[in-house]
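Below is one structure; the comments refer to it alone.
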Amino acid sequence: MADILLAEDDDNLRYYLQRALERAGHKVVAAANGLEAEETLSFHRFDLVLTDVVMPEKGGIDLAKAARQFHPDIRVMFITGFSGVVLSEAEGMFGEATLLSKPFHLKELVIQVEKVLASSRR
């Protein structure tokens, strides 16, 4: 079981992602945007940040950078409806990060989360 911070601005998608991850045995704290998620980072330690790349107020890349400032060893995983080109500005810091392009199946999300978490245990 891992502690996961989920940041997704689409209410319906956030609900389904949280539910799928919880069914897989993870503890999930969900945030509606990057600012809300960043506040949570200041008082809770997470194993993984799962974030949408494009969100109002604070995007996923900025959230991931903030997460690494709080916890340098935190794992990061991005989800996006846009191409991976969006991440080019952050490749140096997040080159190892997994990117899931929307739409994706919830099973694929759980599989990728498990892979990311397993890679941190090596």
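The values are calculated or read from the model by the stated rules, or taken from the named source; none is laboratory data. In this text the structure is predicted, and so the values were computed from the model without any measurement. Glycine also receives a Cβ, built like all others from the backbone with ideal geometry; neighbour counts cover every protein chain displayed.
Figures for the structure shown
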item: Residues located in the range 42-61, provided they are within 19 Å of Val116 (Cα to Cα) and hydrophobic (A, V, I, L, M, F, W, C); result: Phe46, Leu48, Val49, Leu50, Val53, Ile61
item: Near pairs, Cβ below 7 angstrom, 6+ apart or cross-chain, from the range 103-119 (under 17 Å from Asn12 (Cα atoms)) to any residue that is part of a helix (DSSP H, G or I) and not small (Gly, Ala, Ser); result: Leu106/Tyr16; Leu109/Leu17
item: Residue that is farthest from Leu106 (Cα to Cα), among those in the range 1-58 that are of a type in the set (S, T, N, Q) and not in a strand (DSSP E or B); result: Ser42
item: Which listed residue, of Gly81, Gly95, is modelled with pLDDT under 85 and under 16 Å from Tyr16 (Cβ atoms); result: Gly81
item: Selected residue (only one of Glu39, Glu57, Glu8 is touching a residue at least 12 places away in the same chain (Cβ under 8 Å) and exposed (fewer than 14 other Cβ atoms within 10 Å of the Cβ)); result: Glu57
